[in-house]
1. Does Leu206 meet the test of being within 22 Å of Ile110 (Cβ to Cβ) and part of a helix (DSSP H, G or I)?
2. Which of the residues spanning the stretch 132-146 are closer than 24 Å to Trp280 by Cβ and touching a residue at least 24 places away in the same chain (Cβ under 8 Å)?
3. Across the stretch 74-108, what is the number of residues that are over 16 Å from the mean Cα position of the chain (by Cα) and either outside the structural domain of Asn31 (by TED's automatic domain parsing) or among the β-branched types (Val, Ile, Thr) (or both)?
4. With respect to the numbered conditions (1) assigned to a helix (DSSP H, G or I); (2) modelled with pLDDT under 95; (3) of a type outside the set (A, V, I, L, M), which one is the sole condition not fulfilled by Ser270?
5. Can you give me the ranges of the helices (runs of 4 or more DSSP H) entirely in the stretch 55-115 with at least 3 residues that are closer than 17 Å to Ile11 by Cβ and modelled with pLDDT under 95?
6. So in the stretch 120-167, with the set limited to residues that are in a loop (DSSP other than H, G, I, E, B) and β-branched (Val, Ile, Thr), which one is modelled with the highest pLDDT?
7. For Asp74, all conditions in the list (1) under 30 Å from Asp118 (Cα atoms); (2) out of contact with any Pro (no Cβ under 7 Å at 6 or more places or on another chain); (3) buried (at least 17 other Cβ atoms within 10 Å of the Cβ) hold save one; what is the number of the exception?
8. So which residues in the stretch 24-52 are in contact with a helix residue (DSSP H, G or I) (Cβ under 9 Å, 6 or more places away or on another chain), over 16 Å from Val305 (Cα atoms) and surrounded by fewer than 21 Cβ atoms within 10 Å (Cβ to Cβ), if there are any at all?
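The values are calculated or read from the model by the stated rules, or taken from the named source; none is laboratory data. As the structure is a computational prediction, the values presented were derived from the model and not from experiment. Please note: Cβ atoms are built from the backbone with ideal geometry, for glycine as well, and neighbour counts cover all protein chains shown.
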Amino acid sequence: MWKHNLQKPVIFIVGPTASGKTELAIQLATNLNTEIISADSRYFYRMMDIGTAKPDVRELANIKHHMIDIANPDETISVAIFKQQVTEIIDHMHQESKIPIVVGGTGQYIHAILHNWDMPELKSDQQLRELLENYAERFGKLKLYEFLQKVDPDAAKIIDFRNLRRTVRAVEVILKTGHRFSEQRKKEASIYTQKIIGIRWDRSVLYQRIDDRIKKMIENGVIEEVRRLLDMAYSSVLPSMSAIGYRELAGYIQGENTLEEAIILMKRNSRTYVRRQANWFKADDANIMWFDGDELDYNKVVDFVKSEAGWKKPE
């Protein structure tokens, strides 16, 4: 086992969807004899395996993973709940002298741990949420987003106007608390010694990897997976079903579009998601050590992790 004198070390592996984060995390966890904490919001939900490209049974058996299959599709894991649970997992791993590896492409969940966000948990108001959703349906989601821009421009900067769920949540918090959504997410002093590893690809190559993944998902039965969820009365408008592939294929199953149209939407929405991820994990971020995915050498990553370079001490 690697000997070190680091205070509360945590390794982060970040990057866009389909970049190879899971494979790298498993290699690194095997070498360091440690465990993986998923910061991918798509992995939270049970019965949503193929469309999320969740680690398979063999991978989950070989390396212990946390924050996978922890909720049903109609449940919600907020960033505040995620941070609370992951903090407890990290503390437990540190007690066992293990270095946690936090892996994911969901920016706000990664940043909540990286920057020790202080977020009061606010229970959703279903009646208010429905009113906001009905407003967006009647007048357009852009109209609701423009309202958010006026009342909380900082929140609007980090929310894509096409992401109605996040827009509704931000406005809901403002109306419920009387405070801006952006103010609910305060940075505190970091409590971990951190090292961030990023995987990057040429954008055109990454898009092809995404297209290949979508093709493989179709071949592996993702349509049947979505149909099974719909048959279990899980609505296609649930937040969990916003994971790329599920809502598009639900539309196909329900006769709203053709399979070809659904696949085109999956590819288009994946590209949009990659661009949003790039706003969270910036190429010029000096705190991230980027490795090129097309020539990724696991041994070099291990050597970098074990070196003194790149570790950021608690603030």
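1. Numbers: within 22 Å of Ile110 (Cβ to Cβ): yes; part of a helix (DSSP H, G or I): yes.
Here the answer is yes, as Leu206 does meet what is asked.
2. Narrowing the stretch 132-146 to residues closer than 24 Å to Trp280 by Cβ: 141-142, 144-146.
Hits for the stretch 132-146 are Lys141, Leu144.
3. The total comes to 4.
4. The single condition Ser270 does not satisfy is (2).
5. On the way: elements: 57-62, 79-95, 107-114.
The qualifying helices (runs of 4 or more DSSP H) are 107-114.
6. Going through the stretch 120-167, the residues in a loop (DSSP other than H, G, I, E, B) turn out to be 120-125, 140, 152, 158-163.
Still in the list and also β-branched (Val, Ile, Thr): 158-159.
On the way: Ile158: 76, Ile159: 83.
The extreme case among them is Ile159.
7. The number of the failed condition is (3).
8. Of everything in the stretch 24-52, those that are in contact with a helix residue (DSSP H, G or I) (Cβ under 9 Å, 6 or more places away or on another chain), over 16 Å from Val305 (Cα atoms) and surrounded by fewer than 21 Cβ atoms within 10 Å (Cβ to Cβ) turn out to be Met47, Asp49, Ile50.
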